[in-house]
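Before any comments, here is the structure.
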Amino acid sequence: MYPKAEEDAAPLQGQAPRPATGFPMSGGGGYYQAGGATAAFAVQQAKAPVAAWSTGLCDCFDDCSNCCVTCLCPCITFGQIAEIIDRGSTSCGTSGALYTLIMLLTGCQCVFSCFYRAKMRAQYGLQESPCADCCVHWCCECCALCQEYRELKKRGFDMKLGWHANMERQGRTAATMPPQMHLGMTR
């Protein structure tokens with residue numbers, strides 16, 4: 001009764017292929033094609049290779065000082081992680097204060113911090129292990145924050161410096177600076 005998706009998306013003989021129409025879909029990176037009574041998924045996006053975390057979730061005592069700070073005041077560790085993951089667009093203090101505010105008002109700071117874990121995994125191609133990001137932060141918030149801190153540290157970031165000082169130290173100031181204004185073209 002209904003045409004098959006392959007028949008619907010295929011052009012007729014002697015005609016040019018129909019362009020993909022519709023809305024981009026965030027899940028697979030493709031488009032749904034409009035055509036008759038059915039819709040066919042047109043484009044599949046290749047998945048990037050997934051890397052393992054450099055340390056385990058429960059290796060908190062690999063960095064005892066960070067473990068103690070995270071257990072006593074997780075907002076400090078979260079602020080440092082968020083500043084690096086956001087590439088300096090939010091400061092350590094702002095992220096830490098927001099984390100503390102969410103913790104005091106709702107007690108569900110793990111929901112906020114799990115989004116940063118997901119963002120970090122996407123930036124560095126890390127696997128979602130040992131379980132989903134929200135589950136990791138819900139069950140072991142301090143261990144998750146310590147693991148993220150150690151991962152960024154092993155990737156060459158000095159967590160106490162913040163994003164901008166790390167970029168200066170690594171010699172990448174040109175990538176983070178806005179273009180310079182030339183005053184020769186003024187009225």
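Lys and Arg at +1, Asp and Glu at -1: add these up for the other residues within a Cβ distance under 10 Å of Thr94 and post the number.
Combined, the nearby Lys, Arg, Asp and Glu give -2.
With Cβ to Cβ distances under 10 Å as the rule, what net charge do the other residues near Gly56 carry (K, R +1; D, E -1)?
Here the charged neighbours net out to -1.
Counting only the heavy atoms of the protein chains, how much of Arg121 is accessible to a 1.4 Å probe, in Å² to the nearest 10?
50
The values are calculated or read from the model by the stated rules, or taken from the named source; none is laboratory data. Every value quoted in this text rests on a predicted model; they were computed, and no experiment measured them. Heads up, the Cβs are rebuilt from the backbone with ideal geometry, glycines too, and the neighbour counts pull from every protein chain shown. Remember, those area values only see protein heavy atoms, side chains included, never the ligands or the DNA or RNA. Shrake-Rupley method; radii C 1.70, N 1.55, O 1.52, S 1.80 Å.
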